[in-house]
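Asker: Sharing a structure, written as structure tokens. Questions coming.
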Amino acid sequence: MGKILCTIRGGEGSYPTQDAAIALARERGDDLVFLYVVDVSFLNQTAAPLVVDVDAALEKMGRFQLTMAHERAAAQGIKARVVVRRGRLRPEMVAVATELEVGLIVLGRPQRETAVFEKATLQAFAAILRSETDAEVLIL
């Protein structure tokens, strides 16, 4: 039995990725791990009290998103583990994948194409994850 890692970014746009990860876990008989990373690095130039407030709010939202994902998996007969981490997305994904010996990382393709998530950029991100974790990476 292997493990599948699915990072949650939140919102209805991530439901297809969650559903695909749940289906893969059922199909492969793998354990499923949902991850939410609280990253407030974009606030480095602001006052510290604001960062603390935003950090707490993002963690609360992340825990809610993970609860929803957990319930979606349970409704389909899949037990899922949920993990919240603080830090930058890629290093935290790599750390969790390594610590939990994940065999597959599932990445969703954002609904809207933006400069940050162009197909080539997402593929490069997947290649980096693959090389840093030795896990298979699937872009849905």
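The values are calculated or read from the model by the stated rules, or taken from the named source; none is laboratory data. None of these values were measured; they are calculated from a predicted model. Glycine gets a Cβ as well: all are built from the backbone with ideal geometry, and neighbour counts include every protein chain shown.
Asker: Go through V82, V38, V51 for me and flag whichever is of a type outside the set (D, E, K, R), crowded, with 18+ Cβ neighbours inside 10 Å and either at pLDDT below 90 or over 17 Å from G2 (Cα atoms) (or both).
Answerer: V38
Asker: Continuing with the same structure: What number of residues within the range 5-17 are closer than 14 Å to H70 by Cβ and modelled with pLDDT of 95 or more?
Answerer: Residues in the range 5-17 being closer than 14 Å to H70 by Cβ and modelled with pLDDT of 95 or more: 1 in total.
Asker: When you scan the range 108-116, do you find a residue that is surrounded by 16 or more Cβ atoms within 10 Å (Cβ to Cβ), at pLDDT below 95, in a helix (DSSP H, G or I) and of a type outside the set (V, I, T), even just one?
Answerer: No, that holds for no residue.
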